[in-house]
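First the structure, in the form of structure tokens, and then the observations on it.
What follows is calculated from the coordinates using simple rules that are stated; it is not laboratory data. Since the structure is predicted, the reported quantities are computational estimates derived from the model, not experimental observations. For neighbour counting, all protein chains shown are included, and Cβ atoms are generated from backbone atoms with ideal geometry for every residue, glycine included.
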Amino acid sequence: MKTEVLIIGGGPSGLLLSQLLNKAGVATVVLERTTRERVLSRIRAGVLETGTVSLLKDAGIATRLEKEGLPHDGCYLSDDELMVHVNFYELTGKRVMVYGQTEVTTDLYSAQDDMGTTIIHEVEDVAIHELDQKTSFVEYTLEGQRKRIDCSYVVGCDGFHGVSRKTIPEDARVEFERVYPFGWLGVLSRTPPANHELIYANSSRGFALCSMRNENLSRYYIQVPMSDTVEQWSDEQFWTELKLRLPSETANNMVTGASIEKSIAPLRSFVSEPLRWGNLFLVGDAAHIVPPTGAKGLNLAVSDVYYLHQALIAAIKHDVQTDINAYSEKALSRIWKAMRFSWQMTTMLHQFDGEDSFAGQMRKASLSHLARSETARRDLAENYIGLPF
Ligand code: FAS
Ligand code: PHB
């Protein structure tokens, strides 16, 4: 088999890249390790930046998003009883869209079905070869048969644990990492959201987040030690602890209910440079991971797709190499700014093991400054709605 662009990974970045390239007449094949059902069962991101929404519109998959998505003009940050509203729309003229990553991936899959693109599921032992030749090839096993696809380009959209980043020789990679000593215990419940906009809560007991998927589907998180397991947290224990971390008015009015999903996600900041190795390009979580405190994970994957799809179309359709040669540097410039914002939000809102009382005071001072300074709120708003591509 032969194709122009071989995409490894059928998550949001792989499917969005496939959608945009096929719309421009570039042939692709997507190799996905697991099943479509498994991909669609993941509960991940919930907030879409303005740039993400417009690229999804360009990709022709925003119809349901425009109907069911919840536009949010701002969010709240709380510190015990203090509630600070950051009005993105007032401060930047832009807003964000609350629409789950699961829905985005569902919309991408159905658009890809309509387009009749090639997505091969349940592949095993993917191996990438001859990246320094004009034509590369990728091998994989499907139902016990070893297969091969020749291609002009390979794009690693295969997430943090994928094969593509590790195909770049270790001595050619520079990796930057910060592992946080806590995780997020997340709960999904068929209950009305605690607030009309998100609340990022700092408290003397640790971080909490009140988010949502729609008017009757809420998503909540609390910071927990990495040693915790989901089994240790009954629904009742979760709701009790969540309420203790929120302003009392929000806690008292909150509607609780049975969890329909409960999981613990680890938090890390990670970047691997460069994003290109011969005919191989890295996109999304294959190249970088952000703590979800800044709602950047999915949105960063989308901005990588934004840069790379344009570069690949220019190279394949018009034999222009400029953008493809500039991809790594251009994408990394935006990645590092989102990395900084996510790290800043995480350190401002979480308690760290063994920290002294000074650290707690610094968090309180940051939130008190945010309450009083429009400049500080504008800086947060500009980063949260997404820096320009
Ligand atoms: P993904 O990891 O989504 O997709 C990679 C795909 O590649 C997967 O389908 C995988 O099965 C496949 N794959 C892996 N190895 C392969 C191989 N060798 N061969 C073929 N296929 C292979 N972001 C936010 O903005 N907000 C959040 O709240 C948030 N919560 C998260 C919670 C968790 C538990 C995790 C893990 C991530 C979370 N993220 C969040 C980040 C997340 O949304 C990612 O940024 C987003 O999924 C990135 O998309 P992709 O780059 O497509 O990677
Ligand atoms: C979510 O709704 O899952 C969500 C929203 C904002 C974040 C992280 C997660 O920063």
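In the structure shown, the pairs 23/166; 296/337; 296/364 are assessed against 19 Å; a Cα-Cα span above that value is assigned to 23/166; 296/364. Calculated on the alpha-carbon coordinates, the convex hull of region 46-133 measures out at 218 cubic angstrom per residue.
What shape does region 148-218 take by its C-alpha gyration tensor, where a ≥ b ≥ c are the square roots of the eigenvalues and a/c under 1.5 counts as rounded, a/b above b/c as prolate, and the rest as oblate? Cα axes put region 148-218 in the oblate bin. As a test of the formula, what do you get for the chain when each DSSP H run with n ≥ 4 contributes -39,500 (n - 2.57) and the sum is divided by the residue count, at 222 nm and rounded to the nearest 500 deg cm²/dmol? Calculated from helices alone, the mean residue ellipticity at 222 nm is -12000 deg cm²/dmol. Relative contact order of the chain, taken over Cα pairs closer than 8 Å and 6 or more residues apart, is 21 percent. The rule of thumb for compact globular proteins, 2.2 N^0.38 Å, goes into the C-alpha radius of gyration of region 160-268 1.30 times. Across region 1-154, C-alpha contacts under 8 Å between residues 6 or more apart give a mean separation that, scaled by the residue count, equals a relative contact order of 31 percent.
Mean separation of Cα pairs under 8 Å and 6 or more residues apart, divided by the residue count, gives region 262-389 a relative contact order of 22 percent.
Two numbers describe the Cα atoms of region 231-273: Rg and Dmax, which are 14.8, 47 Å. Relative to the globular-protein estimate of 2.2 N^0.38 Å, the Cα radius of gyration of region 253-376 stands at 1.41. Annotation for region 78-138: chymotrypsin sites (Phe, Trp or Tyr not before Pro) lying in DSSP loop with at most 15 further Cβ atoms inside 10 Å of their Cβ do not exist. In summary, the aspartates and glutamates within cross-link reach of residue 57, defined as a Cα separation below 12 angstrom excluding same-chain residues under 8 places away, comprise 66, 107. Each part gets one Cα centre, and for region 156-204 versus region 55-118 those centres are 18 Å apart. For the chain, the average shadow cast by the Cα convex hull is 19.5 nm², which is a quarter of the hull's surface. Please label the shape of region 334-389 as rounded, prolate or oblate, based on the square roots a ≥ b ≥ c of the eigenvalues of the alpha-carbon gyration tensor (a/c under 1.5 means rounded; beyond that, a/b larger than b/c means prolate, else oblate). Since a/c reaches 1.5 but b/c is at least a/b, the shape of region 334-389 is classed as oblate. For a test of the definition: using alpha carbon positions, the gyration tensor, and the 1.5 limit on a/c, classify region 125-185 as rounded, prolate or oblate. Judged from the Cα gyration tensor, region 125-185 comes out oblate (a/c at least 1.5, b/c at or above a/b).
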